[in-house]
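Here's the structure we're looking at; comments come further down.
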């Protein structure tokens, strides 16, 4: 198991949040000397320079603004990602505003320090072993119904659903999207996925990519609007993750949310969707029995 | 579809299904009656009519899953079209706000 | 010392077509492609832990063929015999041949299913040759 | 909601009885009793406890529902698997005995049942369906 880590900050020098991104990276190197620092400018001009390091490492990507230069630099690679940090979201989370000064003020330093501690904490908790999985796999509580030998699960918190059986899991101003346990059960073994292109702007309920089983082909109908910032490339190799772990390892794409406050109004939370799903299953069963 | 199915009671996002004009429209100039859409659709939206000129029709329009347009992807001559999703979303929002 | 054989153990999953591809593949290998080198054994007997069967497997090469990610064949053999020399997934051959969609029915199997099984059988037979030619024992 | 009956076939790869038990199980769940029965995967019993629910699905189902096992030979692999992981079985059908009782049908081979074999599978399937009805009456 590879345990190497590297860090790629956006290094924006024209905004204080970019300077925070750079400072976080420097603090990480200071705290974890084994970690490799990737210079975004050098990576952009001669990426062969970092080829080996990137191949062998999991990366921490730090973006200072919505342009997400650091993210874009690794988007096209099949890069193992440990964590993505979006400084404005962290600033909100810690309620620390670094101001606009390009020479970091006390608050800016404090924010960078807090973020770096947070990353190290997570790193230790992961014991390095899990980090090749791009998205953190949290345990979650779920509602469950058993029909014959099949189980249908719905996470209790953190996920929102549309009536097309797709979910969104927001985290700050980004979100993961995927399909529900019910939908994966319905289509059965997924063999192929067509992932959307990174950078695509989508509206709520647009189709984003598709997945195909022996039985059928279906589109994923996005529960929210936004811009695709990453896709789960591992699904190309492991489409079965959508069946085995639809709410976590089987995530489909990551979006930068555009209008979630409004999108949210047309979505169900875990308990709402569970009720909806149960009704659907009962209806299907009744129809079957009727035909019988 | 069985008789226990009652379209009158169906809703989508809290809106009566019958208030949402979402279903495919067949362009009979393009359609070559390959029936791929009908073979695909598990909801009995289409029906095949033997001996008629229009050998395929949209029969159960309200069975169509709102926002699903996967059948259109099976259509080689590109003869199927759907309403604009934004318009439909707007309509759903409008209905919901008026009927709170 | 008697000549070694390659035991082909498909999962024979019964719920979906992927298990049937494994079963058909095993039959093609032992009946046609690697007649004198390959043999079959019942997976249920391995699951049950029948002594003679386990002993026979231990002394020969073992190839598992599974139809779903739960890998019943592989896992049960690992559990009871402790070794698998090569493992195959029928879903891989389906993925590699996107134009050949296996028919959903299994009694009897469809044309595409048969074709896919043939393709997988070629790979399995080749692997058996490779395993048996290899003079170095991998224990 | 009525509880479904689990059908577990030995599916043994090496013998004709396995292929027959498999075919009969499919005929029951697809044709004769599609709404009263569900097919369970025998090897999954032992391989249980994997990813998410995996094999636990089969074990739990058999704990809470009546199950009928279909055996290809005297080894009774399915029955033993179910009893080990879930509890007593509701009924056991012996394919080898039904074969003996119907010498007029001569299945072609374990690979291809042929016309006679399919007929025999139908007969076995009807036996299973009868058991399902009996179980229904008892409940």
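Quick look at the numbers
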quantity	calculated
Hits in segment C:33-51 - residues which are assigned to a helix (DSSP H, G or I) and modelled with pLDDT under 95	C:43, C:44, C:45, C:46, C:47, C:48, C:51
Residue among D:113, D:40, D:50 that alone is surrounded by fewer than 20 Cβ atoms within 10 Å (Cβ to Cβ), within 12 Å of chain C (Cβ to nearest Cβ) and at pLDDT below 95	D:50
Candidates D:103, D:88, filtered to the one that is over 25 Å from residue D:4 (Cβ atoms) and either surrounded by fewer than 19 Cβ atoms within 10 Å (Cβ to Cβ) or free of Cβ contacts under 8 Å to residues at least 60 places away in the same chain (or both)	D:103
Residue satisfying condition, being at pLDDT 95 or above and more than 14 Å from chain D (Cβ to nearest Cβ), within set C:133, C:122	C:122
Selection from segment A:219-234 of residues that are within 13 Å of chain B (Cβ to nearest Cβ) and more than 19 Å from residue A:159 (Cβ to Cβ)	A:219
Tally, over segment C:28-48, of residues that are at the interface with another protein chain (Cβ under 7 Å from one of its Cβ atoms) and out of contact with any helix residue (DSSP H, G or I) (no Cβ under 8 Å at 6 or more places or on another chain)	1
Condition met for residue D:63 (free of Cβ contacts under 8 Å to residues at least 40 places away in the same chain, closer than 25 Å to residue C:39 by Cβ and surrounded by fewer than 21 Cβ atoms within 10 Å (Cβ to Cβ))	no
Any hit, segment C:8-17, residues being at pLDDT 95 or above, within 14 Å of chain D (Cβ to nearest Cβ) and under 19 Å from residue C:134 (Cβ atoms)	yes
Matching helices (runs of 4 or more DSSP H) fully within chain B where at least 3 residues are more than 11 Å from chain A (Cβ to nearest Cβ) and surrounded by 14 or more Cβ atoms within 10 Å (Cβ to Cβ)	B:36-40
Complete set of residues in segment A:207-233 that are surrounded by fewer than 19 Cβ atoms within 10 Å (Cβ to Cβ) and touching a residue at least 40 places away in the same chain (Cβ under 8 Å)	A:233
Test: residue in segment D:76-88 that is at the interface with chain C (Cβ under 9 Å from one of its Cβ atoms) and not in a helix (DSSP H, G or I)	yes
Any hit, segment D:14-26, residues being within 11 Å of chain C (Cβ to nearest Cβ), modelled with pLDDT under 95, surrounded by fewer than 19 Cβ atoms within 10 Å (Cβ to Cβ) and in a loop (DSSP other than H, G, I, E, B)	no
Qualifying residue in segment C:65-76 (condition: within 14 Å of another protein chain (Cβ to nearest Cβ), more than 21 Å from residue C:15 (Cα to Cα), in contact with a strand residue (DSSP E or B) (Cβ under 6 Å, 6 or more places away or on another chain) and assigned to a helix (DSSP H, G or I))	no
Among the residues listed as A:11, A:101, A:44, the single one being in contact (Cβ under 8 Å) with a residue 24 or more places away in the chain and closer than 30 Å to residue A:235 by Cα	A:44
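The values are calculated or read from the model by the stated rules, or taken from the named source; none is laboratory data. Because the structure is a prediction, the values reported are computed rather than measured. Glycine gets a Cβ as well: all are built from the backbone with ideal geometry, and neighbour counts include every protein chain shown.
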